[in-house]
Amino acid sequence: MSSLYERLGGEKAVDAAVELFYRNVLADGRIARFFDGVNMEDQLAKQKSFLTMAFGGPNKYTGKDMRKAHERLVAKGLNDSHVDAVIEDLSRTLRQLGVGEKEVQEVAALANSVRNDVLNH
Amino acid sequence: MTLLTYREAAIEIEPGEDVLSALLRAEIDAPHSCRSGVCQSCMHRAVEGNPPAAAQQGLSDAQKALGYFLPCVCVPETPLTIVPAREAGARSEAVVHSIDRLSDDVVRLRLEHDSDFAYRPGQLLELIADDGLGRHYSLASLPEEDSFVELHIRLHPGGRMSRFIAEELAPGRQLHIAGPLGTCIYEGVDPDQPMALIGSGTGLAPLIGVMRDALRRGHRGSIRLYHGAREREGLYLHDHLETLTKRHANLRYVPRVLSDSGPHGGDVATAALEHENALPHTAFFLCGGEKLVGRLKRVLFLKGASLKQIRSDTFLPAGSGR
């Protein structure tokens, strides 16, 4: 059986999803403030590597990287409710792109697997 | 044969080794994160040599054309000389060709340069004063048509570089430049695509460069140039641009003056957002201060413009780098 990443369409699928996902996240009043003042191109590249990870694609993330990358946001009050919002936005993005429900759930589970590292729990 | 040169130093690299690993082994503090060619945090620029295509995956057409690449997935086969992505590179000599006032506080500086200073219109260079002080300025000239590089410089009262320019520079005077830098260029644009060039103050300079480049390359789609200024006097190329629109049917010039209540009065960002409605299809070029560029980029993206089609150049306050 092929991997989740292959079933979703690999890098092309990530490219197709990344701008829509970022737009959904920026338009989400619950989390938009965490993106104030960031460089949008840098942020898009980060979203792309997050999606690659969540799609089960190649990545070399460690828990330490995740903690370090979100340190500043945790200090600004990032908590479980915000991670929930990101995963909701991600699932919505995939549904907008016509991804099947089974894959949506698998992606959500992968995204959820880094929750504790992101929140430094 | 040295396969890898970083700034001016040869770096040892093993056969099959990626550039990032070699840099880190040489104790160069290169930023990095995913090490899979995705997050782009390790981006560098090749100032000599061509990085392999695999090392440029996911970058914009402009970045590819200008030698940007990702060291973590770059295994060089031919020699490369590289610098960090935001560094101007080695300096070279230039001579003042002319210096003229365009308005109360804007001067047009034209410099003759070495033939090996290759640039694309819309990029920027670092101008270096005698004491080593450096500032970034955008290029309004066209290498194919101009024997000089042209910069539009706003003089700030009390600014160190402004004083150097106003008091020291005259035709024939020598100084140094470095670069070019920046990716706000006519690349990855379809000849029939609508273009929107939006800028304020001397953010007009790179837009002029891009507009001239597009016209020279026979761009067929519409080109709308929005220029904002605080006072009427700040529309420092108004008459020249009005004349140009008469020569090119696809060119429109939309000036906006903040302090004015007439037909050209108002804020340039608001005017552009009102007029631009084919967002997903338009190639955007945004140049000016952080507030203007940041606001436009965010609003355009949220309304449906692709970030890949939004090229920008943000002017940061003096001394903060760019």
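The values are calculated or read from the model by the stated rules, or taken from the named source; none is laboratory data. These numbers were taken from a predicted model, which means no experiment stands behind them. Quick reminder, even Gly has a Cβ in these numbers, built from the backbone with ideal geometry, and neighbours come from all protein chains shown. What goes into the accessible areas is simple: the full protein's heavy atoms, side chains included, and nothing from ligands, DNA or RNA. Shrake-Rupley method; radii C 1.70, N 1.55, O 1.52, S 1.80 Å.
For the stretch B:262-303, the tally of residues that are more than 20 Å from the chain's Cα centre (by Cα), open to solvent by 60 Å² or more (accessible area, probe 1.4 Å) and within 14 Å of chain A (Cβ to nearest Cβ) stands at 3. The requirement of being surrounded by fewer than 19 Cβ atoms within 10 Å (Cβ to Cβ), away from every other protein chain (no Cβ under 14 Å) and of a type in the set (S, T, N, Q) is not satisfied by A:Asn39.
Going by the conditions given, is B:Ser138 open to solvent by 20 Å² or more (accessible area, probe 1.4 Å) and in contact (Cβ under 8 Å) with a residue 12 or more places away in the chain? So B:Ser138 does not fit the description; no.
Considering each of B:Ala55, B:Ala10, B:Ala62 in turn, give the residue that is away from every other protein chain (no Cβ under 14 Å), among the small types (Gly, Ala, Ser) and under 27 Å from the mean Cα position of the chain (by Cα).
None of the other options fit; the residue is B:Ala55.
Residues of the stretch B:216-261 that are open to solvent by 40 Å² or more (accessible area, probe 1.4 Å), part of a helix (DSSP H, G or I), modelled with pLDDT of 95 or more and not hydroxyl-bearing (Ser, Thr, Tyr): B:Arg216, B:Asp239, B:His240, B:Glu242, B:Lys246, B:Arg247. Counting only residues that are in contact with a Gly (Cβ under 7 Å, 6 or more places away or on another chain) and open to solvent by 20 Å² or more (accessible area, probe 1.4 Å), the stretch B:80-118 holds 3 of them. Can you find a residue in the stretch A:72-89 that is at the interface with another protein chain (Cβ under 9 Å from one of its Cβ atoms) and of a type in the set (D, E, K, R)? No; the residues of the stretch A:72-89 include none that is at the interface with another protein chain (Cβ under 9 Å from one of its Cβ atoms) and of a type in the set (D, E, K, R).
Would you confirm whether or not the stretch A:6-14 contains a residue that is surrounded by fewer than 19 Cβ atoms within 10 Å (Cβ to Cβ), under 15 Å from the mean Cα position of the chain (by Cα) and either part of a loop (DSSP other than H, G, I, E, B) or more than 9 Å from every other protein chain (Cβ to nearest Cβ) (or both)? Checked the stretch A:6-14: no residue is surrounded by fewer than 19 Cβ atoms within 10 Å (Cβ to Cβ), under 15 Å from the mean Cα position of the chain (by Cα) and either part of a loop (DSSP other than H, G, I, E, B) or more than 9 Å from every other protein chain (Cβ to nearest Cβ) (or both). Scanning the stretch A:51-67 for residues that are open to solvent by 30 Å² or more (accessible area, probe 1.4 Å) and within 9 Å of chain B (Cβ to nearest Cβ) yields a count of 5. Taken as a whole, the structure places B:Ile165 among residues that are in contact (Cβ under 8 Å) with a residue 24 or more places away in the chain and either at positive phi or not in a strand (DSSP E or B) (or both).
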